[in-house]
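First up is the structure itself, then whatever we jot down about it.
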Amino acid sequence: MNDSVPETENPQDSVREAAEALQAYDPAAPAPLNVPRTPTGHAEVDDRLERLADADHLATDGHIEVYEDVHGGLRDALTALDARPGPPAPPSPSYHQSRS
């Protein structure tokens, strides 16, 4: 059996730890927004959306580069959709039918 008295926490240690935590806190430091990004199923679009997470680790003045890159990539993906050939158009009815 151990009859030793349990150690109590030194109040000065608590005060010092709280002061260190307060000094370490920087409200201007980059912080993740934790915005959920739901996959779209389109690999190119999903890659661009994942790129947004890079802004979480940058100061505010670094966000514009990420946003412009993502915007450009999404714009290119949408433009590519317009450039893809679609199914052939159905033949239009002939207006010059022969008359008998």
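Values in this text are rule-based calculations from the coordinates and carry no lab data. A quick note: this is a predicted structure, and the numbers were derived from the prediction, not measured. Cβ coordinates were reconstructed from backbone atoms using ideal geometry, including for glycine residues, and neighbour counts include every protein chain displayed.
Remarks
- Here the gap between Thr79 and Arg51, fully extended at 0.36 nm per residue and compared with their Cα-Cα distance, gives a gain of 8.1 nm.
- Shown for Glu68, Glu44: other C-beta atoms within 10 Å of each C-beta, ranked fewest to most, produce the order Glu68, Glu44.
- About the Cα centre, charge dipole magnitude for region 39-82 (Lys/Arg +1, Asp/Glu -1 at Cβ), debye: 120 debye
- With the simple spin-label model, which puts each label point 7 Å out from Cα in the Cβ direction, the Val35 to Ser14 separation comes to 4.1 nm.
- Distance cut-off 15 Å, percentage of C-alpha pairs in region 39-82 lying past it: 43 percent
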